[in-house]
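K.L.:
Before I ask anything, here is the structure I am working with.
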Amino acid sequence: MESPLAALLWRSLRVYQVFGANTEVGKTVFTTLLCKSAKRNWKQENVSFLKPVSTGPLNEADDHHIKTFTNGINHDTLIQYGIPVSPHTAALASGEPIPPDSLVLARCRDHAAERAKAGKGWLFMETAGGVHSPGPSGTTQADLYTPLRLPVVLVGDAKLGGISQTIASFEALRIRGYDVQSVMLFQDKKYQNYLYLAEYFSQKYDIPVLSLQEPPERLHDEARDVEAMKEYYEQRTDENTVGAVLEHLDLNHTKRLARLESMASKAHETIWYPFTQHEHLPAKDIMTIDSAHGDYFQTYNSKSPEHGALQASFDGSASWWTQGLGHANTQLTMAAAYAAGRYGHVMFAGAIHEPALTLAETLLRGTGNSRLTRVFYSDNGSTGIEVAIKMGLRAARVRYGWGPNEKLGVIGLKGGYHGDTIGAMDCAEPCIYNENIEWYQGKGYWFDYPTILCKDGKWQISAPDGMEKELGPPRDFASLEQIFDVQGREKKNDHELYESFIVEKLHALRAQGRKFGALIMEPIVLGAGGMAFVDPLFQRTLVKVIRNSPHLFTDEQGVMSPRTEASKQWSGLPILFDEVFTGLYRLGRFTPSTFLGVEPDVSVNAKLLTGGLLPLSTTMASEDVFDVFRSQEKVDALLHGHSYTAHPIGCQVGIESLQAMQRMDKRGDWDWAKSQGWVKTSRSSSAASLANKTLGRGGNQVWSVWPLDLVESLSRMRTRVAGVWALGSVLAVHLKDEAGTGYSSNAALGLRDALAQGEAGGSNGPCNIHSRVLGNVIYLMASQTTTREGVEQLAKLLVNNLE
């Protein structure tokens, strides 16, 4: 099995990619000059030329040109098609299997790794055609070669229209994260593009531009033509103007490595990290990220330099649960650039712009929640929760006639955590995150609840220790799908014990004179609380009991009757769902509320809202809640806002993110995952598509990108593993710890560190897994674009380190 691709960076080998602003701009001429000048100025070093993909007759191939006009240069072409057309067309016409992008990249890395082993030197990798000329698969080269993370020499266009073509090519590369370090082009005396471009790139980007005399016109006599070109190359090489470019590239290479080497120590002296005890964080443990693409960071590798200075590190926490469509996703990048170019940032109070309106409409349609009609924008999940709390508490206070100084709490679940701002912290019971915070005052009551784990190959629901009488003894189920058939379980009266437990607690709280303004909980999974996988029937029952029991929260006779479902008014208490982590396909569905078969009155989304690119949060509310804030008095309004409320860049990215995931769902892009033991029945693609639509509206099927047999096999490792669960893109492994579980446990640290060691000599370079732990729980989180092959690679590393 191939390892993930490590980007191309070695201490000994300077690798540069040569892109052209168009075809016929002189890429091969300039690359030949780079090779000859490198050999002239670094006589003791190796110089190599690589053409990953070439089209046309062999005698006209670029490596043949290098062979003809240079001496002592290693030259190679990886893929050669005989027809002189675009690589994607040539690949189709060849009748041969079309090489996937991953194979092209792997072969590039293999070649570069061999050249690095050969000793110190240079490698110039020349692309085909222009920046957006397609590769064999049809992926444009700008996207195809992004994972290699190579610095670029851009050959500009000296012809009429070449200024525009060169700048457009530069922008296409820059927006994808390429570092263009030099621009080279010919001196066309008629159009003089080189004069304009030299000033343009110098003033705007501080990028040097080298212009050279054009080569002689091609002669019909091949021998004379070769002699003329040899003379041209010798003259240009002797001038050594290209040598100045190489000195610049060499210096940048040295600076890049030096910066990567020093960043961790400088960060150790400069940065105050979140959720970090700095006494436990030496500089050597700080991960330096050079770039990221897809599911992987490219991190500085100081442990095995012979394998390269960068390694592929799987983003095992999905960058704190935000990553959905892959790092450096071009669609999201373009959406951000479009909105930045059209709007920048604009005022939102009392105004509207297209991205904010379209995103709100997309969210409201996507949830399928008939209660939700309004969208409030904020900056991140924690502030979105603050907004939700203000909505819920005000709605309850107004309906029940309480004064503004009434002490109100919330009802929640033990281990629930909703953010790090003070109001959000007060919604959680005292825990390691908040109990040492000066202004923290836990305001609420938090229920115990039964949780789900796969143990020894069986799915089991169990109560917390000592709670078996109230919540029932452990129960085994044939499948996770059976557990999530909440309506079927209700018909068997499985909910009655939960209902009695909840009602009894609420009566006791009422007898104590306590008042509550909302129920707030994370549907299905309590993330920060230790990846607790809650029995969905318990959460469903809790919502239904509260909605059916206004009398448990007020003495006001006129408001004690439950609201009907058809009225879409909140009843008992406003129901607030914190879907910051679990929402928007993280667990396989647009909204996890469909697992429960209940609709919240207020719902908060963030993290996957922008596909993992930038912060944004929404708090959706019912019209009933919204109307509470209507008044002739400004003081009655929801007086909450942010300077960057509904920033157009985030909203535009959010639209692209949601629509991309909805398209994936509709196309059946996750059918491969569902077929890994989760969905028992085989079906046609059309039937599967119909099933997926049903799934998104409360069907009882559940699935994960992590194969069921992996989950079951991990759960049988009883020496170390207490239990496992997987849903959507999340896999959580609960490890045994005799000293006790919870956030203070260190049981998972050894496994985390072992995964971080990874494999130094992977087939595509060094690789590892960067993961986060929550006490005795280690979790891995795929993105919504992770492939079957990617999951298999990760599963192999995980199993090897657990065995």
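K.L.:
State the number of residues belonging to the range 505-520 that are within 15 Å of residue 442 (Cβ to Cβ) and not basic (Lys, Arg).
P.N.:
Final tally of qualifying residues: 5.
K.L.:
Inside the range 107-135, can you point out the residues that are surrounded by 18 or more Cβ atoms within 10 Å (Cβ to Cβ) and assigned to a helix (DSSP H, G or I)? Steps first, answer last, please.
P.N.:
Keep residues of the range 107-135 that are surrounded by 18 or more Cβ atoms within 10 Å (Cβ to Cβ), which gives 108-109, 111-113, 115-116, 121-131, 133-135.
The answer is 108, 109, 111, 112, 113, 115, 116.
K.L.:
Taking the condition surrounded by 22 or more Cβ atoms within 10 Å (Cβ to Cβ) and touching a Cys at 6+ places or on another chain (Cβ under 9 Å), does residue 520 pass?
P.N.:
yes
K.L.:
Let me ask something additional. Residue check: is residue 34 under 32 Å from the mean Cα position of the chain (by Cα) and surrounded by 24 or more Cβ atoms within 10 Å (Cβ to Cβ)?
P.N.:
No; evaluated as a whole, the condition is false for this residue.
Every residue, every condition in (1) surrounded by fewer than 15 Cβ atoms within 10 Å (Cβ to Cβ); (2) more than 30 Å from residue 478 (Cβ to Cβ); (3) of a type outside the set (Val, Ile, Thr), yes or no:
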{"site": "412", "(1), (2), (3)": "no, yes, yes"}
{"site": "418", "(1), (2), (3)": "no, yes, yes"}
{"site": "424", "(1), (2), (3)": "no, yes, yes"}
{"site": "427", "(1), (2), (3)": "no, yes, yes"}
{"site": "434", "(1), (2), (3)": "no, yes, yes"}
{"site": "438", "(1), (2), (3)": "yes, yes, yes"}
{"site": "444", "(1), (2), (3)": "no, yes, yes"}
{"site": "455", "(1), (2), (3)": "no, no, yes"}
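K.L.:
Output the residue which, of all residues in the range 597-619 that are under 14 Å from residue 647 (Cα atoms), in contact with a strand residue (DSSP E or B) (Cβ under 8 Å, 6 or more places away or on another chain) and polar (S, T, N, Q), is surrounded by the most Cβ atoms within 10 Å (Cβ to Cβ).
P.N.:
617
K.L.:
In the range 361-395, what count of residues is obtained for those that are in a helix (DSSP H, G or I), under 21 Å from residue 647 (Cα atoms) and among the hydroxyl-bearing types (Ser, Thr, Tyr)?
P.N.:
3
K.L.:
So is residue 315 over 26 Å from the mean Cα position of the chain (by Cα) and outside the structural domain of residue 605 (by TED's automatic domain parsing) or not?
P.N.:
No: the conditions fail for residue 315.
K.L.:
If you don't mind, another one. Of the residues in the range 67-80, how many are touching an Asp or Glu at 6+ places or on another chain (Cβ under 9 Å) and among the β-branched types (Val, Ile, Thr)?
P.N.:
Qualifying residue count, the range 67-80: 1.
K.L.:
If we scan the range 198-214, do we find a residue that is modelled with pLDDT of 95 or more, among the aromatic types (Phe, Trp, Tyr) and under 30 Å from residue 3 (Cβ atoms)?
P.N.:
no
K.L.:
Answer with yes or no whether residue 440 is within 29 Å of the chain's Cα centre (by Cα) and assigned to a loop (DSSP other than H, G, I, E, B).
P.N.:
When the stated conditions are applied, residue 440 does not pass them.
K.L.:
Further question on the same structure: Here's a check for you: in the range 396-410, which residue that is of a type in the set (Lys, Arg) and in a helix (DSSP H, G or I) is surrounded by the fewest Cβ atoms within 10 Å (Cβ to Cβ)?
P.N.:
So, considering only residues that are of a type in the set (Lys, Arg) and in a helix (DSSP H, G or I), the one surrounded by the fewest Cβ atoms within 10 Å (Cβ to Cβ) is 397.
K.L.:
Whether any residue in the range 205-213 is exposed (fewer than 15 other Cβ atoms within 10 Å of the Cβ) and of a type in the set (S, T, N, Q) is what I want to check.
P.N.:
yes
K.L.:
Given the conditions (1) at pLDDT below 95; (2) under 16 Å from residue 105 (Cβ atoms); (3) not hydrophobic (A, V, I, L, M, F, W, C), report the number of the one that residue 64 does not fulfil.
P.N.:
The number of the failed condition is (2).
K.L.:
I've got another one for you. Residue check, residue 104 against (1) among the aliphatic types (A, V, I, L, M); (2) over 33 Å from the mean Cα position of the chain (by Cα); (3) within 18 Å of residue 54 (Cβ to Cβ), all met but one. Which one?
P.N.:
Of the numbered conditions (1) among the aliphatic types (A, V, I, L, M); (2) over 33 Å from the mean Cα position of the chain (by Cα); (3) within 18 Å of residue 54 (Cβ to Cβ), the odd one out for residue 104 is (2).
K.L.:
Being among the basic types (Lys, Arg) and under 21 Å from residue 616 (Cα atoms) is the filter here; which residues of the range 546-600 pass it?
P.N.:
586, 589
K.L.:
Could I ask something else about it? Give just the number: which of (1) surrounded by fewer than 15 Cβ atoms within 10 Å (Cβ to Cβ); (2) touching a strand residue (DSSP E or B) at 6+ places or on another chain (Cβ under 8 Å); (3) part of a helix (DSSP H, G or I); (4) not acidic (Asp, Glu) does residue 673 not satisfy?
P.N.:
Unmet condition: (1).
K.L.:
Is at least one residue of the range 410-429 in contact with a strand residue (DSSP E or B) (Cβ under 8 Å, 6 or more places away or on another chain) and within 17 Å of residue 625 (Cα to Cα)?
P.N.:
Scanning the range 410-429 turns up at least one residue that is in contact with a strand residue (DSSP E or B) (Cβ under 8 Å, 6 or more places away or on another chain) and within 17 Å of residue 625 (Cα to Cα).
K.L.:
Another one. At pLDDT 95 or above and either of a type in the set (Ser, Thr, Tyr) or under 23 Å from the mean Cα position of the chain (by Cα) (or both), is that true of residue 620?
P.N.:
Numbers: at pLDDT 95 or above: yes; either of a type in the set (Ser, Thr, Tyr) or under 23 Å from the mean Cα position of the chain (by Cα) (or both): no.
No: the conditions fail for residue 620.
K.L.:
A further question follows. Mind checking which pairs have a first residue in the range 73-86 that is part of a loop (DSSP other than H, G, I, E, B) and a second that is surrounded by fewer than 19 Cβ atoms within 10 Å (Cβ to Cβ) and not acidic (Asp, Glu), Cβ under 7 Å, 6 or more apart or different chains?
P.N.:
Listed pairs, sorted by first residue: 82/57; 83/93; 84/56.
K.L.:
Just give me the residues in the range 136-162 being under 25 Å from the mean Cα position of the chain (by Cα), part of a loop (DSSP other than H, G, I, E, B), within 28 Å of residue 253 (Cα to Cα) and not hydroxyl-bearing (Ser, Thr, Tyr), in sequence order.
P.N.:
149, 150, 151
K.L.:
While we're on this one: Yes or no: residue 356 among the small types (Gly, Ala, Ser), in contact with a strand residue (DSSP E or B) (Cβ under 9 Å, 6 or more places away or on another chain), buried (at least 18 other Cβ atoms within 10 Å of the Cβ) and part of a helix (DSSP H, G or I)? Talk me through it step by step, then tell me what you get.
P.N.:
Working: among the small types (Gly, Ala, Ser): yes; in contact with a strand residue (DSSP E or B) (Cβ under 9 Å, 6 or more places away or on another chain): yes; buried (at least 18 other Cβ atoms within 10 Å of the Cβ): yes; part of a helix (DSSP H, G or I): yes.
In short, yes.
K.L.:
Is it the case that the range 675-696 has a residue that's β-branched (Val, Ile, Thr), out of contact with any Asp or Glu (no Cβ under 8 Å at 6 or more places or on another chain), outside the structural domain of residue 461 (by TED's automatic domain parsing) and at pLDDT 90 or above? First the steps, then the outcome.
P.N.:
Kept after step one, since they are β-branched (Val, Ile, Thr), are these residues of the range 675-696: 679, 681, 694.
Remaining after also requiring out of contact with any Asp or Glu (no Cβ under 8 Å at 6 or more places or on another chain): 679, 681, 694.
When the remaining residues are screened for being outside the structural domain of residue 461 (by TED's automatic domain parsing), the result is 679, 681, 694.
Narrowing further to those that are at pLDDT 90 or above: none.
Within the range 675-696, not a single residue is β-branched (Val, Ile, Thr), out of contact with any Asp or Glu (no Cβ under 8 Å at 6 or more places or on another chain), outside the structural domain of residue 461 (by TED's automatic domain parsing) and at pLDDT 90 or above.
K.L.:
Taking only pairs six or more apart or across chains, which ones have beta-carbon atoms under 7 Å, a first residue in the range 468-484 that is over 21 Å from residue 702 (Cβ atoms) and in a helix (DSSP H, G or I), and a second residue that is at pLDDT 95 or above and among the aliphatic types (A, V, I, L, M)?
P.N.:
Close Cβ pairs satisfying both conditions: 471/463; 471/497.
The values are calculated or read from the model by the stated rules, or taken from the named source; none is laboratory data. None of these values were measured; they are calculated from a predicted model. Positions of Cβ are backbone-derived with ideal geometry, glycine not excepted, and every protein chain shown enters the neighbour counts.
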